[in-house]
Amino acid sequence: MAEKNASSEKSTLKRDNYEILKTGLNSAEVESRRNQFGFNEVTEKKTNRWLQFVKKFWGLTAWLLEIIIVLSIFLHRYTDVYIILGLLILNAVLGFEEEIRASNAVESLKEKLWVNARILRDGVWRVLPAREIVPDDVIRIRSGDFVPADVKIMTGHLEVDQSVLTGESFCVEKKSEDILYSGSVVKRGEVNGIVVSTGGNTYFGKTTQLVQLAKPKLHIEKVISNVVRWLLIIVSVLAIVALVCSILRGFSIIDTLPILLVILLSAIPVALPAMFTVSMALGAMELSKKGVLITRLSATEDAATMNVLCVDKTGTITMNKLSIVKTLVYNGFNEKDVVFYGALASHEANHDPIDFAFIEMAKREGLPVDAFRQTSFVPFDPKTRYTEAEIQKDEGKGKMFRVMKGAIRVIGGVCGLTEIEKEQLEEQSKEYALKGYRTLAVAKADYERKYSLVGLTILYDTPRLDSKQLIQQLNELGISVKMLTGDALPIAKETAKNVGLGERITLVSNLKIDKKRNTSLAGEEVQKSDGFAEVYPEDKYTIVKTLQDSKHIVGMTGDGINDAPALKQAEVGIAVSNATDVAKSAASVVLVNEGLTSIVDLVKNGRVIYERITAWILSKIIRTLQVSVFTVLTFLLTGNYAISAFGVIMYFFLTDPVKVALSTDKLQGSDKPATWKIGGAIKASAILGSLIIVESITLLYIALNVFNIPINNPAIYTYTFEILFYSALFLNFNVRERRPFYKSMPSKILTLTIITSLIVGTILVTIGIPNLVAVPITKTMIILGLSAFFSFIVNDSVKVLMVQKIKIKW
C-alpha cells in the first residue's frame, strides 16, 4: 500500500519523538487530544426510526390513498375508509420493514475497533480498550495483533497481512518509519510505534466513510415510480373528462365525487409492494437452499438486470492461498525433494502462508514429513529472509541434518554460489516474477557441512477451480465480468489469462489521470477494460459508480473490508463465503458455500422474478385502463354510474391476492440481462386494454338489453362487478406468457388462488351482500363464459400477434 495515504496526517507532538517513546503521553495530553479528535471509533450517522416510518405516508401512492380516505369521509363511506386506511398502513409497514433489513456495515466496522491495545501512558505500559487510543499515543504491536489505528513504526520490524484492506495476496514487510494501517493483522514480528491517525481519520476509517456514503441505486423504486406515473396520467385525463362532462350535464361537483373516487381507486397499485416483497422473499428462500443468502430483497430483481459484474481477485477469483505450481531442481535432487525439504523447513503453528503451501503440497504428494521431527526452528525474519530447521529422523535415533528455504540470493549465498551463479538463478526466475509469481530457494545440508541447493519453487495464489467456468457462464448470460485487484499489473494479467478474462487490464493510476483530463473518456475506458490492477478501496467504489453513471446495472463480489464500500454501492453486492463481517454486512447477497457458481443461480432466479413482476405491471395497467375508461364511458353513454365505489373495492379485494400469487408463478427467464421496457408494456397494455374495454361494453350491453336490467337498477352494479372481476382473473393467463397461454402451466399456488377467488366471487354475487345485490346464477355463468372466451381465444391471439408480428417487447 502506498505510504502517501497516511503521510498527510501530521503529528501533534510538541516533544521529541524519542523522548515520548520513553514515557508516552501524560494524562493532560491524552485529554487534550481526545477533546480534539474524539474516541478511536467510527462515527455513525443515525436516523430517527419514527421519522423513517412517518415518511412512508409521504409519496405518490400514499397521497392517492390519503385523498381517497378524505373523499370517503366527506361522503360518509366509512366502510371504504376503514378498508383503504388498512391498505395504507400495510403499505407503510412493508416499506419500513424493508428499510430496517438494510445492512449495518458501519456498526460492524465499529466492532472491529473494540479490541484492547498495549499503550504507554505516564511511563507505564497499560492494556486499555482500543477506542481510548489518541493520536501520538505510543503503542506496542506484536504477532497476532489487530492493528487498532494508523501507526508509524519507531522501533522493530514485522510482517503484516493487509489483504482485507488492499487485496494484496502476500504479507507486507514493515520497518522503522513505515506506516501500519488500522485493520491489518500482524503475522510476525514486534514493534513500538506512535499513533498518527485514529477513528474516521485512519485508512480503515476512510473505508467506513465510503460505506456510509455508498447508496445503491434501487431500480425497483424507479420502476414503481414509472408505473404509478403512467397510471396517474391515465386517470388524471379521465377524471378531467368526467368532471367536465358532469358539469356540462348539470351535475354538481359533489355528484361527481363517486366517479372520481372509483377512477382514483383503479389507479392505485396497492398490491405492488406486497407482490414485490413476496416475490423477492420467495426467491430469497429458494436461493437459500442453494447456499445464497439475500440480505436486501431488491437484490434478486437487480440480479435480473445486472449486465456488469466486478469481481475482486484475492479470495474471490483466487483462493487467497499460496500454492506451489512449479519446481526447478539442481544438484541431482528431484522435484519431490524440493517440496520435502521445503516442508521440513516450515512450521505449521506459525500460520505462515508460504509454510502452509509446502506442508500441504507434501501431504498431497504423500511425502513422509511426519517421520521426521524438528529439533530446532528459526522462523522467517524480514532481515535474514529465510527459515531454517534442524531435522532428525526416528525420534532422535536417526542422523541429523539441516534444511533452509528463503530468498534466492540469500540461499545462494549460504550455498556458496558465486555472484554470477546467483544472477543466473534470478534470471531463471525472472520469467515467473514478471507474471506475479513468487520464487523461493530450498537448500539442504548434512550436519556441520555446507548447504547444497536443492531447487527453486514457484508459488502463486491460484484461481478457484470454478472461476473460469463461472466467467464463461456469466458471459453466456450476457454479463460482462471485470476483475479488480490491489495486486500489481503482471499478477492481474496472469490471473485474467488463467480464468479466461480478456487481456485489457488497466492500471488504476492511469485511469485516474485519464479521468482528470476527460471524464467521459475515462468512463469509456472503464467500460472497455476487462480488469483493473493496483486498486485501492476508494477506486473500487469509484469504478462501480462510474459504471452506474454509464447506465450499467453493476454487481460486485468481494471478501474484505476494502470491498465494503463498493459492495454496498453496487446494485448487487455479493460477499463470498469467507468474507469478513464488514463485507457481509455491506453486501446484499452472501454466498454460504465456497466458490462463485451460486452467482449463476442468483441471476437465473432474478430473471424469473423479473418476468413475474413484468406480468404484474402489464396486468395492472390493463386493469386500470379497463376500470377507469369503462366507468367514464358508461357514465358518458348512460348519464349514470354503472359501478359503485364499493364494487371496485370488492373487485380489488378479490383480485389482489391473485396478483400477489403471481410471485410464485413458474416462468422462464431470459438468457440476456433484463431491461425494464415500460414503453413496450404501455403499448401492449393500450392494445389489450382497448380490446378488453370493448368487450366489457359488449357485456354491459348484454346485461342492459338481453337481461333487460335498467341502468338505475342496483343489480347493474353486480353485473358490472362480474364483468370486471372475471375479466381480471382470466387476464392473468394472457400476461404471464408471451407465447400462447397453453404453452406453460401456472404454479399450483397461482392456479389455486385464481380458482378460490373465482368461486368466492361467484358465491357473493349469487347470494348477495350489502351494496352488491344477488343475481341469477344462470346469467352469471353467461358473463363468466363470455369472459373466458374473450380472454383465452380473442385476447390471447391478439397478444401472440403483438409479440410475433408487430414485435412489441416488454
Residue ID - most open to solvent (accessible area, probe 1.4 Å), chosen from residues in the stretch 462-493 that are at pLDDT below 85 and not β-branched (Val, Ile, Thr): Leu465
Test Glu41 against the stated conditions and say whether it is acidic (Asp, Glu), loosely packed, with under 13 Cβ neighbours inside 10 Å and at pLDDT 70 or above. no
Going by what's in this entry, would Leu633 be described as of a type outside the set (Phe, Trp, Tyr) and part of a helix (DSSP H, G or I)? yes
Within the stretch 302-335, can you find the residues that are open to solvent by less than 60 Å² (accessible area, probe 1.4 Å) and of a type in the set (A, V, I, L, M)? Ala303, Ala304, Met306, Val308, Leu309, Val311, Ile317, Leu322, Ile324, Leu328
Condition met for Glu695 (among the acidic types (Asp, Glu), under 28 Å from Gln804 (Cα atoms) and not in a loop (DSSP other than H, G, I, E, B)): yes
Of the residues in the stretch 317-335, those that are under 19 Å from Thr597 (Cβ atoms) and not in a strand (DSSP E or B) come to Ile317
The lone exception for Lys568 - which of (1) assigned to a loop (DSSP other than H, G, I, E, B); (2) open to solvent by 10 Å² or more (accessible area, probe 1.4 Å) it fails: (1)
Pairs, please: C-beta under 7 Å, at least 6 apart or cross-chain, first residue open to solvent by 10 Å² or more (accessible area, probe 1.4 Å) and in the stretch 679-690, second of a type outside the set (Asp, Glu)? Gly680/Ile808; Gly680/Lys809; Gly680/Trp810; Ile682/Trp230; Ile682/Ile621; Lys683/Ile808; Ile687/Val798; Ile687/Met802
Restricting attention to the stretch 665-678, does a residue exist that is assigned to a helix (DSSP H, G or I), without any contact (Cβ under 8 Å) to a residue 60 or more places away in the chain and open to solvent by less than 50 Å² (accessible area, probe 1.4 Å)? no
Tell me which residues, restricted to the stretch 136-151, are open to solvent by 10 Å² or more (accessible area, probe 1.4 Å) and not aromatic (Phe, Trp, Tyr). Arg140, Arg142, Ser143, Gly144, Asp145
If you check Thr314 against the conditions, is it hydroxyl-bearing (Ser, Thr, Tyr) and part of a helix (DSSP H, G or I)? yes
Does the stretch 79-102 contain any residue that is under 33 Å from the mean Cα position of the chain (by Cα), outside any helix (DSSP H, G or I) and at pLDDT below 65? yes
In the stretch 761-810, which residues are surrounded by 13 or more Cβ atoms within 10 Å (Cβ to Cβ) and charged (D, E, K, R)? Lys779, Asp796, Lys799, Lys809
Which condition number in (1) assigned to a helix (DSSP H, G or I); (2) farther than 30 Å from Asn713 by Cα is the one that Thr655 fails? (2)
Got a sec? Which helices (runs of 4 or more DSSP H) wholly within the stretch 336-443 have at least 1 residues that are open to solvent by less than 30 Å² (accessible area, probe 1.4 Å), more than 23 Å from Asn320 (Cα to Cα) and at pLDDT 90 or above? 408-414
Please find, within the stretch 720-760, the residue that is most open to solvent (accessible area, probe 1.4 Å) out of those that are β-branched (Val, Ile, Thr) and in contact with a helix residue (DSSP H, G or I) (Cβ under 7 Å, 6 or more places away or on another chain). Ile749
Flagged pairs (Cβ under 8 angstrom, 6 or more apart or on separate chains; first in the stretch 228-251, farther than 22 Å from Pro269 by Cα and charged (D, E, K, R); second at pLDDT below 80 and open to solvent by less than 80 Å² (accessible area, probe 1.4 Å)) are Arg249/Gly639
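The values are calculated or read from the model by the stated rules, or taken from the named source; none is laboratory data. The structure presented is a predicted model; accordingly, all values stated were derived computationally and were not measured. Note: ideal-geometry Cβ built from the backbone for every residue, glycine included; neighbour counts use all protein chains shown. These area figures cover heavy atoms from the full protein model, side chains too; ligands, DNA and RNA do not enter into them. Shrake-Rupley method; radii C 1.70, N 1.55, O 1.52, S 1.80 Å.
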